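The values are calculated or read from the model by the stated rules, or taken from the named source; none is laboratory data. Computed from a predicted model, the values in this text were never measured in an experiment. No Cβ is skipped: glycine too gets one built from the backbone with ideal geometry, and neighbour counts run over all protein chains shown.
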Amino acid sequence: MIDVTDINKTFFVPHKVKALVGVSTKIAAGEVVVVIGPSGSGKSTFLRCLNHLEAADSGHILIDGVDILDRKTNINKVRAEVGMVFQSFNLFPHKTVLENITLAQKVVRKRSKAAALEKADYLLKKVGIHDKANAYPDNLSGGQQQRVAIARALAMDPKVMLFDEPTSALDPEMIGEVLDVMKTLAREGMTMVVVTHEMGFAREVADRVIFMDEGAIVEVGTPEHFFKNPTHDRTKLFLSQIL
Amino acid sequence: MNATGKIGVFKKDFSYYLWVGVFFLCLGGLVAGLYYSTKQIDYVWRWYRVPQYFFFEDTIDVRAEMQGTVASISPADGGKSVTVKNDSGISETYFVPGGDVRVSEGDTIYPADVLGTSKKWKVGLLLQGLWMTLRISVIATFFGLIIGLFGGLFRISSNPALKWAAITYIEIIRGSPLLVQIFIWYFVLGTLFNTLLAHAGLPEVPDLWYGTASLACFAGAYVAEIVRAGIQSIHRGQTEAARSLGMNYLQGMYHVILPQALRRIIPPLAGQFISLIKDSSLLGIIAIRELTKATREVVTTSLQPFEMWFICALLYLVLTFSLSMLTQYLERRMLVS
């Protein structure tokens, strides 16, 4: 589903940082991959490269067989197939929950209003905030906002879902409700790439864990491998610090 | 009321009302001082002369165009008609609206004699000027908004042609006096354009349009910067969310960024368009009879400059205050939704 070959990314502003150095990996359809690593390790940049919010400097990223680093690729078409959930939710504050979920369906997928509403209705029930359909995002709690954001991404019927630290901006008591929605998705067979610090989630749901440090993939393995006998020193150090 | 709102606020005790009294005393003193000074130079205030420059009753004379005698005066619809007959038996009928006939049957009439008069209410110079100012302001605001919207979008575009065009336009307009720009529009562009049109056998563009264009272009440059600031004040995450859902640049702008940006820039936009209303007073120099030019003309006929200029200022205040109220209403309404 996702095939990343040797991507590099260097930031020059505010100062020169090699954010990604020769990152390669393959993610199969239906797989749940959790990316962990210390802050500044390039895991968010890696994720943002996958839907071209950041343009990798070199290498190839194939999403469902389409190379998104090819200039001829219509990136908007690819992005419609790749849902993204942000750390800071990024809901549209001037639109209601319902409008947030139906907007892209109508504009990008060209669905009729009725079809878009039906989809939104179904998804709001699924993420458990059906009663807030006509509220504005500012009137929702962080956990509710993030669940709306997940519903908004799911409304496009994406083939892949990317999660960029979806619970980092949440109060502790709201993390559970968002993780529950994500677990449900994983069980339903959604292909997911999740950048998170929630080790419990990684242990329970992930098919594979990728540990990144200083812009490179250091270690890849199953959760059992990771949490019982990590091989790399940096992985051991990182896990000892957060567990 | 919140806690910060109370800092430095007087309690409504004796000293509060004392200072309210001081304010009104100062205001009254200023007006009285002005009045006293005008008395010293023997200025006679004639406020009763002001209303006629808003509306006045004009007298229209109905005059004969031939020589003869009045044959008959008969009532007609909404007045009376006077029939004049000459020796050769030719007759002409004149209609006097309102029926204030000044001749009687059998009178001898010569050409240009007054047969009757009628009165008609007409719009005075000041009101005409006010209407002209309003018209110019509305049209210039409309085009200024459109120019500014695209100017702002071009300004933040990554395409160098668009971006540099916007920067050049904004810097030139903001860097030169409006008065000079009006002259350039009128004497340079106006002459060029009208002469070219004349060569092509087409009618001229009226002066009014050059004046309005100069104001629209002037306001557009400032609006462009306001729009740019508004768009850039929207968090990057909004664009990213829109794009990650597959919307292209224009869809993201139209559905997500601009609605939020416009809400934020209403107050600075209002300030800009209030400026535009006031700047329209410069258009008098290219013979557009807007409010200021109309007032100048009224002053020369009435010889009451003090009253007229105060009235002129008051009329501008009415326009700007209405706009200010309108934008406050818009702001409130947008906050609700």
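A few remarks follow.
- Looking only at region A:71-101, and only at residues there that are without any contact (Cβ under 8 Å) to a residue 12 or more places away in the chain and not in a loop (DSSP other than H, G, I, E, B), the one that is farthest from residue B:254 (Cα to Cα): A:77
- Summed over region B:143-172, residues that are crowded, with 17+ Cβ neighbours inside 10 Å and in contact with a Phe, Trp or Tyr (Cβ under 6 Å, 6 or more places away or on another chain) total 1.
- Sole exception among (1) within 14 Å of chain B (Cβ to nearest Cβ); (2) surrounded by 23 or more Cβ atoms within 10 Å (Cβ to Cβ); (3) among the aliphatic types (A, V, I, L, M) for residue A:47, by number: (2)
- Residue in region A:62-82 that is under 18 Å from the mean Cα position of the chain (by Cα), within 26 Å of residue A:199 (Cα to Cα) and not aliphatic (A, V, I, L, M) present: no
- Lone qualifier among A:221, A:215, A:176 - being touching a strand residue (DSSP E or B) at 6+ places or on another chain (Cβ under 7 Å), more than 16 Å from residue A:47 (Cα to Cα) and at pLDDT 90 or above: A:221
- Criterion (touching a Leu at 6+ places or on another chain (Cβ under 9 Å) and without any contact (Cβ under 8 Å) to a residue 24 or more places away in the chain) met by exactly one of A:150, A:68: A:68
- Residues (facing chain A (nearest Cβ under 7 Å) and either closer than 18 Å to residue A:101 by Cβ or under 35 Å from the mean Cα position of the chain (by Cα) (or both)) located in region B:248-260: B:251, B:255, B:256, B:259, B:260
- Applying the set (1) surrounded by fewer than 16 Cβ atoms within 10 Å (Cβ to Cβ); (2) within 24 Å of residue B:284 (Cα to Cα) to residue B:137 leaves exactly one unmet item: (1).
- Of all the listed residues (A:27, A:68), the sole one being away from chain B (no Cβ under 14 Å), aliphatic (A, V, I, L, M) and surrounded by 18 or more Cβ atoms within 10 Å (Cβ to Cβ) is A:27.
Residue-by-condition table, conditions (1) within 14 Å of chain A (Cβ to nearest Cβ); (2) over 30 Å from residue B:178 (Cβ atoms):
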| position | (1), (2) |
| --- | --- |
| B:201 | no, yes |
| B:216 | no, no |
| B:224 | no, no |
| B:241 | yes, yes |
| B:246 | yes, yes |
| B:263 | yes, no |
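- Extreme residue, farthest from the other protein chains (Cβ to nearest Cβ), among residues of region A:102-121 that are under 23 Å from residue A:132 (Cα atoms) and not in a helix (DSSP H, G or I): A:112
- The residue that is nearest to residue B:261 (Cα to Cα), among those in region B:181-225 that are free of Cβ contacts under 8 Å to residues at least 24 places away in the same chain and under 21 Å from the mean Cα position of the chain (by Cα), is B:209.
- Residue in region B:126-143 that is over 30 Å from residue B:209 (Cα atoms) and basic (Lys, Arg) present: no
- Residues that are free of Cβ contacts under 8 Å to residues at least 60 places away in the same chain and out of contact with any Lys or Arg (no Cβ under 9 Å at 6 or more places or on another chain), drawn from region A:163-184: A:167, A:170, A:171, A:172, A:173, A:174, A:175, A:176, A:179, A:180, A:182, A:183
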